[in-house]
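Asks: Before anything else, here's the structure in question.
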Amino acid sequence: MPTLTIDGREITVEPGTTVLQACELLGIEVPRFCYHDRLSIAGNCRMCLVEQERAPKPIASCAMPCADKMVIRTNTAGVRKARNGVMEFLLINHPLDCPICDQGGECDLQDQAMAYGFDRGRFHENKRAVKDKQMGPLIKTIMTRCIHCTRCVRFATEIAGVEELGATGRGEHMEITTYLEQAIGSELSGNLADICPVGALTHKPHAFAARPWELRKTESVDVHDAVGSNIRIDARGREVMRILPRLNEDINEEWLSDKSRYAVDGLKRQRLDRPFVREGGKLRPAEWSEAFQAIAARLKGQDGRRLGAIAGDLVEAESLLALKDLMAALGSPHLDCRQDGAKLPGGVRAGYLFNSTIAGIEAADALVIVASNPRREAALINARIRKRWLRGGLRVGLIGQRAGLTYKYEHLGAGPQTLKELADGRHSFFEVLRGAKRPMLILGMAGLARPDGAAVLAEARRLAETAGLIREGWNGFNVLHTAAGRVAGMDLGFLPGESGLDTEGMLAAAERGELAALWLLGADELPMRRLGTAFVVYQGHHGDAGAHRADVVLPGAAYAEKDGLWLNTEGRPQLGRRASFPPGDAREDWTILRAFSEVIDKRLPYDTLADLRRRLFQLAPHFARLDAVEPAPWGEFGRADRLDAAPFGVAVSDFHLTNPIARASGIMAECSRLAAGGAAGTGTHG
């Protein structure tokens, strides 16, 4: 391993480490624009110049690998003069837009001009002007500001996997542009604005809305999918202004999907801000006490076996536990957190977790995807698969509908019969899995949310066992969830009790008139027409399908407006924090359930969130171990049964409109319209 000296300090580094990386290991700051530690090296901004002993001129530290006995100086008069000159050149054509630039206050060029720049310029020629480019409803372009660092081009090509950005022209005529002047066809396009160091690319939905120092910043987690991306929620007053990613190497690295980032405007549209009670076929505003009394009157004297509860996709663990306790007090065994009807196994955690972990994807050398499109269902997991595929040595097979993934794959078949062939060892891809050191299987909701879902799950388990996916120190069996609240519901046993009905059973019972009342906790993805004459209580935060069908509406808080625990698809507990307050009379969901329990003399045994969490941790101690993935013991799950010959469908047909918040978002509606019109890019398959 090479040993070098930097500013008089000796350091030994791994082979292939660049001088810039070695400087960072010593805590020495080296300015840069084009360099990004997750992108390939371009070496074209020259801001990272340092002196190397016996070198005829300054070197670009981002592109120079460390060598043994190298001597580097980062703060000499020559280095300072070189950086002054580079900054002076960069500012020749850069417009003085700081007062009106959305990047102001968060701009690398602004910061480095102050720290490393010169106090005057010697060029008086007219500045270059560049026409702005059309990149869709999410990215605003002011290309005159562009310094040609090519970060955006490399991100689109390497991370997002859509080769739609590039440079045209040479010298002063060089421009960064989309090849076809259309919206970027990636679910990760918002990250382009994050990595732009100068404000040439900014967030169009947030344009001219606020300065960064005006915003109150809250660390939280995203709930628009089951990845559990770490986010920062920026709010001003009661309004959430924007959402940005937070660094978490184990989950989202430093990226964020477009839906998680830009559906923020849905938090202030179509909100439920007061209770409603249906009278004469129409919902009318009511007081809390009136709404509670209306529910209590309908539940009074009812047999608990005629009551049911279904939890939606965005519900946090505390509210799930409160509703479960309430239904137990009412004597109802009918509850389910699987509103899509997925045949997930209760009791065996390994049967419904992403056991390899998201970061574990980078260790895999063979992967079979069953009934899933990770690009739509979990864009950041798809990006992690692409990252591993780009390194080489990963073969990917797909069973299900062909999809525009961002890596090459072998289409093995369309339905469960192919999965059975693979589990039997009669398919050629079986040897690929069995011969791999770290083989993986990803099973999607499209395979589980169908009548033969339990049989599909059993076949997937059999494949994991016969192909050697379960080994010492490695579990390659993974379920990819699409609902942020699903794993917490499974862990808490928000499932049918003894002789209880699941979601399909409750819907069928409601159609037959056998279910007197149904409590929907944020459940909007149900066929509401099947609820028949049942009395429906809808508790949620948006006026979506559930609220339109409800007899009583109880306004709750959205994820950005409450403290709560969520478990992602790995089973990793993460804490979401309140960044603003719910509108009007809306309240946090668990407090609504606690207040109602007192009205019907079934008082729940907790008065504060701390009390509720103590009960939660008693029932499921792993919830208290934040950001830790508990390995799940392997066991029997699924049910051997006849497989339907029908091919697998899709779990997510429209990436942008998967939940009430996204459906209330005007930005997501525009993105959905563009994607339906063919603006979204397509991937490759082999």
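Asks: Once phi is turned into θ = phi - 60°, what whole-Hz ³J(HN,Hα) does the Karplus curve with 6.51, -1.76 and 1.60 give for every residue of the stretch 487-498, x standing for Gly and Pro?
Replies: 5, 4, x, 5, 5, 8, x, 7, 9, x, x, 4
Asks: Here's a follow-up. Can you give the helix-only mean residue ellipticity at 222 nm for the chain, where every DSSP H stretch with n ≥ 4 adds -39500 (n - 2.57) and the sum goes over all residues, rounded to the nearest 500 deg cm²/dmol? Before the final figure, lay out each step's value.
Replies: Numbers: 21 runs with 176 residues, N = 686.
Taken over the chain, the calculation gives -7000 deg cm²/dmol.
Asks: Using only Cα atoms, tell me the angle between helix 379-390 and the longest principal axis of the chain; keep it within 0 to 90° and round to the nearest 10.
Replies: Orientation of helix 379-390: about 50 degrees from the principal axis.
Asks: While we're looking at this one, here's another question. What is the chain's relative contact order, in percent, from Cα pairs under 8 angstrom and six or more apart in sequence? Walk me through the numbers on the way to the answer.
Replies: Working: 1520 pairs, mean separation 106.8, N = 686.
About 16 percent, as a whole number.
Asks: If Lys and Arg each add +1 and Asp and Glu each add -1, what is the summed charge of the other residues whose beta carbon sits under 13 Å from the beta carbon of HIS411?
Replies: +2
Asks: By its C-alpha gyration tensor, with a ≥ b ≥ c as the square roots of the eigenvalues, how is the stretch 390-494 shaped: rounded for a/c under 1.5, else prolate for a/b larger than b/c, else oblate? Write out the running numbers ahead of the final one.
Replies: Values: a/c = 1.42, a/b = 1.36, b/c = 1.04.
Taking the square roots of the gyration eigenvalues as a ≥ b ≥ c, the stretch 390-494 is rounded.
Asks: Mind pulling the angle between the C-alpha long axis of helix 609-619 and the longest principal axis of the chain? Nearest 10 degrees, somewhere in 0 to 90.
Replies: 80
Asks: Please compute P(r) over all alpha-carbon pairs of the stretch 148-207, binned at 5 Å starting from zero, and give each bin as a whole-number percent.
Replies: Distribution as computed: 4, 18, 29, 28, 16, 5, 1 percent.
Asks: If we restrict to alpha carbons, what Rg and Dmax does the stretch 454-545 come to, in Å?
Replies: 17.8, 53
Asks: Just name one of PHE617, GLY543, THR177: the one whose Cα is farthest towards the positive end of the charge dipole of the chain (beta-carbon charges, Lys/Arg +1, Asp/Glu -1).
Replies: THR177
Asks: May I ask for log10 I(q)/I(0) of the stretch 319-447 at q = 0.10, 0.17, 0.19, 0.21 Å⁻¹, from a Debye sum over the Cα atoms as equal point scatterers with solvent left out?
Replies: Log10 of I(q)/I(0), two decimals: -0.40, -0.92, -1.09, -1.30.
Asks: What fraction of the DSSP beta bridges in the chain is antiparallel, stated in percent and rounded to the nearest 5?
Replies: Numbers: 43 of 79 bridges.
For the chain, the DSSP antiparallel bridge percentage is about 55.
Asks: Checking the a/c ratio against 1.5 first, then a/b against b/c, what shape does the Cα gyration tensor give for the stretch 386-429? Intermediate values should be presented prior to the final figure.
Replies: Values: a/c = 3.77, a/b = 1.67, b/c = 2.26.
Oblate shape, in that a/c is at least 1.5 and b/c is the bigger or equal ratio.
Asks: Residue separation times 0.36 nm, minus the C-alpha to C-alpha distance between ARG9 and ILE100: what's the value? Intermediate values should be presented prior to the final figure.
Replies: Working: separation 91, 0.36 × 91 = 32.76 nm, distance 4.30 nm.
Contour length minus the Cα-Cα distance gives 28.5 nm.
Asks: Which one, ALA322, PRO333, ALA371, is farthest towards the positive end of the dipole of the stretch 316-376 when Lys and Arg carry +1 and Asp and Glu -1 on their Cβ?
Replies: ALA371
Asks: Using a 1.4 angstrom probe, figure out how much accessible area the stretch 191-246 has per residue, in square angstrom, rounded to the nearest whole.
Replies: Numbers: 1820 Å² over 56 residues.
Ligands and nucleic acids excluded, the result is 33 Å² per residue.
Asks: Shifting gears a bit: Counting only protein heavy atoms and a 1.4 Å probe, tell me what percentage of the chain's accessible area is made up of carbon and sulfur.
Replies: Numbers: 13760 of 27330 Å².
It is 50 percent, rounded to a whole number.
Asks: A follow-up question, please. Suppose every Lys and Arg Cβ carries +1 and every Asp and Glu Cβ carries -1, with no other charges. What dipole size does the stretch 113-178 come out with about its Cα centre, to the nearest 20 debye? List each step's numbers first, then the result.
Replies: Working: 11 positive and 8 negative charges, 54 e Å.
Magnitude of the dipole: close to 260 debye.
Asks: Another question, if that's okay. Nearest 10 degrees is fine. How inclined is helix 589-599 to the longest principal axis of the chain, computing both from alpha carbons?
Replies: With both axes taken from Cα atoms, the answer is about 20 degrees.
Asks: How fast does the chain diffuse by Stokes-Einstein, in µm²/s, taking the Kirkwood radius from C-alpha pairs at 10 °C and 1.306 mPa s? Don't skip to the end; give the middle numbers.
Replies: Values: Rh = 27.2 Å.
So the translational diffusion coefficient is about 58 µm²/s.
Asks: When the expected Rg is taken as 2.2 N^0.38 Å, what fraction or multiple of it is the alpha-carbon Rg of the stretch 30-83?
Replies: Numbers: Rg = 11.1 Å, N = 54, 2.2 N^0.38 = 10.0 Å.
For the stretch 30-83, the normalised Cα radius of gyration is 1.11.
Asks: Can you work out the accessible area per residue across the stretch 41-168, with the rest of the protein chains kept in place, probe 1.4 Å, in square angstrom?
Replies: Details: 6550 Å² over 128 residues.
Accessible area per residue: 51 Å².
Asks: Relative to the Cα centre, what is the charge dipole magnitude of the stretch 178-305, using +1 at the beta carbon of each Lys and Arg, -1 at the beta carbon of each Asp and Glu, and rounding to the nearest 20 debye? Don't jump to the answer; show the numbers that get you there.
Replies: Numbers: 21 positive and 20 negative charges, 181 e Å.
Using Cβ point charges on Lys, Arg, Asp and Glu, the stretch 178-305 gives about 860 debye.
Asks: Roughly how many Å² is the accessible area per residue of the stretch 452-578, as a whole number, for a 1.4 Å probe? Write out the running numbers ahead of the final one.
Replies: Working: 3290 Å² over 127 residues.
Here the per-residue accessible area is 26 Å².
Asks: If you average the sequence gap of Cα pairs under 8 Å that are 6 or more apart and divide by the length of the stretch 41-188, what percent do you get for the contact order? Present the calculation step by step, with values, prior to reporting the outcome.
Replies: Values: 175 pairs, mean separation 25.9, N = 148.
Dividing the mean separation by the residue count of the stretch 41-188 yields 18 percent.
Asks: I need the Kirkwood Rh of the stretch 555-686: take the reciprocal of the average 1/r across all distinct C-alpha pairs and report it in angstrom.
Replies: Working: mean 1/r = 0.0513 Å⁻¹.
Computed over the stretch 555-686, the radius equals 19.5 Å.
The values are calculated or read from the model by the stated rules, or taken from the named source; none is laboratory data. What you see is a predicted model, and the numbers here were worked out from it, not measured in a lab. Cβ: placed from backbone, ideal geometry, glycine included. Neighbour counts: every protein chain shown. Please note that ligands, DNA and RNA were not included when accessible areas were found on the heavy atoms of the full protein model with its side chains. Shrake-Rupley method; radii C 1.70, N 1.55, O 1.52, S 1.80 Å.
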